[in-house]
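The values are calculated or read from the model by the stated rules, or taken from the named source; none is laboratory data. Note that the coordinates shown come from a computational prediction; the quantities given were computed from them, not determined experimentally. All Cβ positions, even for glycine, are placed from backbone atoms using ideal geometry, and neighbour counts span all protein chains on display. These area figures cover heavy atoms from the full protein model, side chains too; ligands, DNA and RNA do not enter into them. Shrake-Rupley method; radii C 1.70, N 1.55, O 1.52, S 1.80 Å.
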Amino acid sequence: MSKTIIVSNRLPVKISKTDGAYHSSPSEGGLATGLGSIYKQGDNVWIGWPGIEVAEQEDKDQVTKELKELSLIPVFLDQEEINQYYEGFSNEVLWPVFHYYASTYAAYKQSNWDYYKAVNKKFRDMILSIAEPGDVIWIHDYQLLLLPALVRQELPDVSIGFFLHIPFPSNEMFRLIPWRSELLDGMLGADLIGLHTFDDVRHFLGAATRLLPVTSSANIISNGERSVVIESFPMGIDEKRYSSLPLQDDVKQQIELIKENFQNKKLILSIDRLDYSKGILQRLEAFELLLEQCPECIEQITLYMIVVPSRDTVPQYAHLRDEIDKKVGKINALYRTMDWSPVHYYYRSFPIETLSALYYSADVCLVTPMRDGMNLVSKEYVASRINNDGVLIMSEMAGSSKELIDAIIVNPNNTGEVCRAILQAINMPLEEQRRRMIPMRQLVAKFNTSHWVKIFMDRLKEVKLMQRSMQARHVSNTTEQSIINRYIKTKKRIIFLDYDGTLVNFKSNIDQASPDKELYNVINKLAEDPANQLVLISGRKHENLDEWFKENDIYLIAEHGSWFKQPGTLWHKISGLTDQWKHDIYPILETYVDRTPGSFIEEKTYSLVWHYRKAQAGLGELRANELMNNLKYLASDKGLQLLAGDKVLEVKNMDINKGKAALTLTEGRDYDFIIAFGDDYTDEDIFKALPESAITIKVGSNLSAAKFYLRNPSEVRKLLTSFAKYTPVEEPADK
């Protein structure tokens, strides 16, 4: 039976030491709750750091034994590892950069990075010690970004899911990290990368395609032969738990106490961990502005603010705590009366029963982080509103604002807007509160943690099946051997070869992609075999092909089929074609060259090509789409075809296509072996035109009408070299 291995920086328990013995208690975190259902089943396990340093081997053995009974496996870290990997790299590089605070708080230290790599390897070693074929590994969060690839190197076929619980920043922010490519490579070791929102998905795709030599189509990144799916999975909460808590007797008692204490005052609730990304000071400023501009609110509203301690030994966090203390002190000093305090501020954590009572009692919940991956406080508040009342004010910078669209959505940097939102919330009629709250409660109930876990795990299975179906089409060793065997047995063969991207790699300068000695050798060797008809069919100008291959005994087709040259003859072009349309199209292409640095026009006899290989990534694609829309109607009027290729857009006569050209050479001739290689949209015409018995091979991608695919030109050359080995050696003539 296969098992699921969950891996996160921290285990879902709190470990403490009393009287020389270690004890564990369950953690209240969202992840612990969400994955509780998984790691406790069957042989499933959860790997993570126990949260404290355990130095002695004897103690490690005791902790390991105790945790094993809970299906937990500890990774022990010493104090230096905690300081550099966790406090250093994770929290002083990744956290500020991913939350858009790079310029204020990020510190890039080489030693932190070295420890980050070392600890990720420590986690890998623990996984390898228990993982078996068929297992599913689900890795979590920013502390372990390198881990998917580290595991993939050792277990190439294992299923790996990765989920990031914080925002993924825009490419401009992410590229500030000196080790950005290594981090992306690490994440791309997964089969499925889960992020909270569609924005995060876009940011990740943008960063990966700009910083790495990978391509993306929709939300799939092709990383060598592997396809990695990037998708958004908004995390939920244990909705049933939060909606049932207010019905418990102990919670009811606390609700009564809150009512008694605050009587008819409007209660505004704010709950956060101490962090600069949570916008706590800005929230206090908005509340202060409200009291200043709305004197009638004095003694009528109360801000109940809980800040859960976090990393307050770190200078910037200690400074933030001091600033909050000062701000709360100032507001209370200015506005407090004999029997009313505007802000009730608590710097500590509360049991879930107390939080439930507060969620149930608060008229307004104020969730205004400057940047947040999801923010589950908003969902906990909604789930606790079992009477369908209350108002949620939500920052547009939190992931959950994309789902909880019936909240009052605000920009947390706009103090006036937040102030007006609080005023709107405290005065909102009950009918409108219900109109907003009911759909939010339905959404939180449906998209709960179990749903989140299920859709992620189901999608991971689908991705694995998709990858396997693609692997089946890759020309593996067995497939290659069967193609070679078929080649050997046949007597009349035709081999169609595209040029750029198929026989040679693309060059940013198109004139530099000339054939090398190795390519000439393999082509000549294949052409020597009387059973072979070699056809080089390319979008290149006929002058190019003539310069490179006029001495070779092969059939040349240039410009997608508008020029033909049989061995030993002159070039001829197909009749009935016109190039008069170029007068209208050329000026349009020129305007796009002027607007897109790095792009240029290539003119062929019956086509014009707009190249954007040297243009800035993203800009070229944007302009190509614009250009296609611009030319669409004009092209159809003039009987032209638009072809979007790899970093090119070609405009050509409708009558020219590689498929037609290939058919003229195969129809009526009884070839017993037909094979075609190509890498571009234009080659799809050949793949579709050739008979079912033909072997069609797409190069560089598996999205094609071709039956098989090879990864790159070197794999194409390898297969052709294997064919060439079977070219019969000519007997020397008798003397």
| What is the magnitude of the charge dipole of the chain about its Cα centre, with +1 placed on the Cβ of each Lys and Arg, -1 on the Cβ of each Asp and Glu, and no other charges, expressed in debye to the nearest 20? | 980
| Mean projected area (nm²) of the alpha-carbon convex hull when region 507-597 is viewed from all directions | 7.9
| said: Looking at the chain, I'd like the Rg to Rh ratio, where Rg is from alpha-carbon atoms and Rh is Kirkwood's inverse mean 1/r. | reply: 1.08
| note | With every protein chain kept in place and a 1.4 Å probe, the chain has an accessible area per residue in Å² of 44
| said: For the pair K461/D637, report the inter-label distance in nm, with labels modelled 7 Å from Cα in the Cβ direction. | reply: 5.5
| request: Quick one: check the C-alpha center-to-center distance for region 142-185 versus region 29-97, whole angstrom. | output: 19
| said: Just to confirm my numbers, what's the Cα centroid distance between region 428-501 and region 549-569 in Å? | reply: 41
| said: Within region 396-536, what whole-number % of the accessible surface is contributed by carbon and sulfur, with the 1.4 Å probe and all protein chains included in the calculation? | reply: 51
| said: At 1.4 Å probe size, with the rest of the protein present, what percent of the exposed accessible area of region 568-624 is carbon and sulfur atoms? | reply: 54
| remark: The ³J(HN,Hα) series, computed from each phi in region 8-21 with the Karplus coefficients 6.51, -1.76 and 1.60 at θ = phi - 60°, rounded to the nearest Hz and given as x for glycine or proline, is 9, 4, 10, 6, x, 9, 9, 9, 9, 10, 9, 6, x, 10
| note | For the chain, the helices passing both cut-offs (Cα extent along own axis of 27 Å or more, Kyte-Doolittle mean at least -1.0, full DSSP H runs) are 110-130, 315-335, 449-473, 619-637
| request: Taking the Cα centre of region 154-303 as origin, sum charge times position over the Cβ atoms of Lys and Arg (+1) and Asp and Glu (-1), and report the length of that vector in debye to the nearest 20. | output: 180
| Computed over region 313-387: relative contact order in percent, which uses C-alpha pairs under 8 Å that are six or more apart | 21
| Dipole of region 7-92 (Lys/Arg Cβ +1, Asp/Glu Cβ -1, origin at the Cα centre): which of S24, N91, L77 lies farthest to the positive side? | S24
| task | Could you size up the charge dipole of region 1-124 around its Cα centre, putting +1 on the beta carbon of Lys and Arg and -1 on that of Asp and Glu, and report it in debye to the nearest 20? | result | 540
| note | Sorting T449, M428, S401 by the position of each Cα along the dipole of region 400-488 (Lys, Arg +1; Asp, Glu -1; all at Cβ), the one nearest the positive end of that ordering is T449
| said: With both bridge residues required to lie in region 1-71, what share of the DSSP beta bridges run antiparallel, to the nearest 5%? | reply: 60
| remark: Taking placed amide H atoms and a strict 5 Å upper bound, the residues 5 or more places from W49 or on another chain that come that close are R10, L11, V75
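What does the helix-only formula give at 222 nm for the chain: each DSSP H stretch with n ≥ 4 adding -39500 (n - 2.57), the total divided by the residues, and the result rounded to the nearest 500 deg cm²/dmol?
Value at 222 nm, helices only: -13000 deg cm²/dmol.
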| Hits among lysines - C-alpha to C-alpha of K17 under 17 Å, sequence gap 8 or more where chains match | K60, K65
| Mean-position separation - Cα centroids, region 604-630 and region 320-385, in angstrom | 53
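Considering only DSSP beta bridges whose two residues both sit in the chain, what percent are antiparallel, to the nearest 5? Before the final figure, lay out the partial values.
Details: 33 of 100 bridges.
Counting DSSP beta bridges with both partners in the chain, the antiparallel share is about 35 percent.
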| How far, in nm, would the chain grow between L334 and K454 when pulled straight, counting 0.36 nm per residue and subtracting the alpha carbon separation? | 38.1 nm
| T337 accessible area, assembled protein chains, probe 1.4 Å, Å² | 40
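Would you list H165, H560 from the most to the least accessible area, probe 1.4 Å?
Descending accessible area places them as H165, H560.
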| message | Cβ neighbours within 10 Å, averaged per peptide: list 691-698, 143-150, 59-66, 645-652 in order, most packed at the top. | response | 143-150, 645-652, 691-698, 59-66
| task | Please report, as a whole percent, how much of the solvent-accessible surface of region 83-226 comes from carbon and sulfur atoms (probe radius 1.4 Å). | result | 49
| Mean separation of Cα contacts under 8 Å, 6 or more apart, over the residue count of region 91-211: relative contact order % | 27
| field | Under the Karplus curve 6.51 cos²θ - 1.76 cosθ + 1.60, θ = phi - 60°, whole-Hz ³J(HN,Hα) for region 300-314, x wherever Gly or Pro sits | value | 9, 10, 9, 8, 9, 10, 10, 10, 7, x, 7, 6, 6, 7, 6
| query | Hey, which lysines would be in cross-link range of K327, C-alpha to C-alpha under 20 Å, not counting anything within fewer than 8 residues on its own chain? | reply | K278
| request: Go through N485, F506, Q467 and say which Cα lies farthest out towards the positive end of the charge dipole of region 462-506; charges sit on Cβ, +1 for Lys and Arg, -1 for Asp and Glu. | output: N485
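For a 18 Å ceiling on Cα separation, which of these pairs sit above it: K652/K707; K240/K461; K517/K614; K14/K68; K525/K707; K550/K725?
Long pairs (Cα-Cα over 18 Å): K652/K707; K240/K461; K517/K614; K525/K707; K550/K725.
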| said: Under 8 Å for C-alpha pairs, at least 6 residues apart: give me the relative contact order for region 624-735, rounded to a whole percent. | reply: 16
